[in-house]
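Bear in mind that the values in this text are calculations on the coordinates, not laboratory data. Treat the numbers as computed from the prediction; the structure is a model and nothing was measured. Using ideal geometry, Cβ is built from the backbone for each residue, glycine included, and neighbour counts are taken over all protein chains shown.
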Amino acid sequence: MSVLRRTRPPSTESEIRDTSRETRGAERESRVANLGSWPSNDIQPTTYDVRRTRRAPANRRSAVIEEIRLLPLNLRMRQTFVTTLGRKDVSHNLLVAVRLSDGSTGYGEASESLAMPDQTQTAMLGALRRMTPRLVGQPARNLRALSAIAWQHESHYPTAIAALECALLDAVCRSRRIPMWRYFGGRQRSVNTSITISAWPPAQAARAARAAAHSGIRRLKIKVTGAIDDNLARVRAVHRAAPRALLVVDANQAFSASAAIAFAHALVHHRLPVRYLEQPVERHDWEGLAEVHRRSPLPIIVDESADDVQATQHLIRHRLADGINIKLAKTGLLHALEIMRLARRVGLQLMIGCMAESRVGLAASVHLACGSGAFDWVDLDSHWLVEPVPCHGGFASTGGRLRVHETAPGTGITLPTAVVAP
Ligand SMILES: [Mg+2]
């Protein structure tokens, strides 16, 4: 097993930085180019897959899983990430590479998350190692059956299962030369994303908001904690710094019901352009959530509460929220698709979010957001929040717009051979 190495030392300067000094023209442009684009904003046409599939056996439908490789991926956060649930400077992730018998290789990534403390790198590595012997040699085309095997044996590790599902789907799409966004519906090739501003002091949050605005990002998600006055100061500072940006406020379960309602009223009172209040109360405080949903002047999006299909059915049955934040890492890929279906059937709003994946892991979510065209709010920003990994393709980012390649098979991500070699 090899460890993915960074291609450059960690930056000591944040990419989202103060623009109040004399930065104009060229510097502003370079900031746009720097935001999440390694090594450039252009999608690199993927020759890897073409080369592989040309050598592949004629009957790709019979491709079987030949190897599943697991690589620890320790990613430094560009700035300390702060939410109600804690702080982190490094995300200990796991890269999953699935190689099929026709040579096609797909990638997934399991990211640690403050909201899912059980999903540690070590635990996920153990779960995936235990799954591997059950999957190698199986036909790759039946993703549903393979996913069922994973859930049957390792149901405590949805993030690991999501990474496996994404890698399998990527490999099969590459084998059949289908771009993943086409697999998900082919609705559109680009989406606008928000970027997350941590629960930082107001001045720091304002600097990040100003830099994001200068980079062309028009949607901001602001983390808040239980301290209402501090939160209000942070949100107001962000709004002053980026007055044209639309906002979402994410409490990560910080509030009691009464505090959440009071905070929502305060946001409205100060005429702040907040579109949603996300996850105001503890994840399974159904009574509190019902009260907030009933009395909040802002629409309520749930994230941690919608942690599986059953919880989503409960939320829908009792009408506890206005929308759901879909995250592949939270529920697995196939369950996320089921949650999307359930939510759309009853007219709920949909957001898509992420953990702390690199561009490699984020690509599947970008393809889902584009291909399905299903999301009212896209929050796929983790490639800006962590140090870059040496990959190409997947999607391009310019300002807040993420764009997938039209024809590259799978996600289009390519990794240097040195990274994924034994
Ligand atoms: Mg959230």
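Descriptive notes on the structure:
- Shown here for the stretch 235-279: trypsin sites (Lys or Arg not before Pro) in loop regions (DSSP other than H, G, I, E, B) with at most 11 other Cβ atoms within 10 Å, namely R244, R271.
- Calculated translational diffusion coefficient of the stretch 47-177 (37 °C, 0.692 mPa s; Stokes-Einstein with Kirkwood radius over alpha-carbon pairs) equals 213 µm²/s.
- Fully extended contour minus Cα-Cα distance, from R294 to D376, at 0.36 nm per residue: 27.4 nm
- Estimated distance in nm for a label pair at V136 and I149, the labels positioned 7 Å out from Cα along Cα-to-Cβ: 1.2
- As a proxy for reagent exposure, L95, L320 were ordered by neighbouring Cβ count within 10 angstrom, fewest first; the result is L320, L95.
- Among M340, M124, a tally of other beta-carbon atoms within 10 Å of each Cβ gives an order, fewest to most, of M340, M124.
- Cα shape, the stretch 182-418, gyration tensor, a/c 1.5 rule: oblate
- Cα-projected label distance for R177 with R319, points at 7 Å along beta-carbon direction, nm: 5.2
- Vicinal HN-Hα couplings computed from phi for the stretch 201-216 (Karplus, 6.51 cos²θ - 1.76 cosθ + 1.60; Hz; Gly/Pro x): x, x, 5, 5, 5, 5, 4, 5, 5, 5, 5, 4, 4, 5, 8, x
- Global form of the stretch 120-193, assessed from the alpha-carbon gyration tensor, a/c cut-off 1.5: oblate
- Here the simple spin-label model places points 7 Å from the Cα toward Cβ, and for D89 and A233 these points are separated by 2.5 nm.
- Summing charges over all other residues whose Cβ lies under 9 Å from the Cβ of A245, with Lys and Arg as +1 and Asp and Glu as -1, gives +3.
- Cα gyration tensor category, rounded, prolate or oblate, for the stretch 276-383 with a/c compared to 1.5: prolate
- From least to most packed, judged by other beta carbons within 10 angstrom and beginning with the fewest, T132, T417, T193 follow the order T417, T132, T193.
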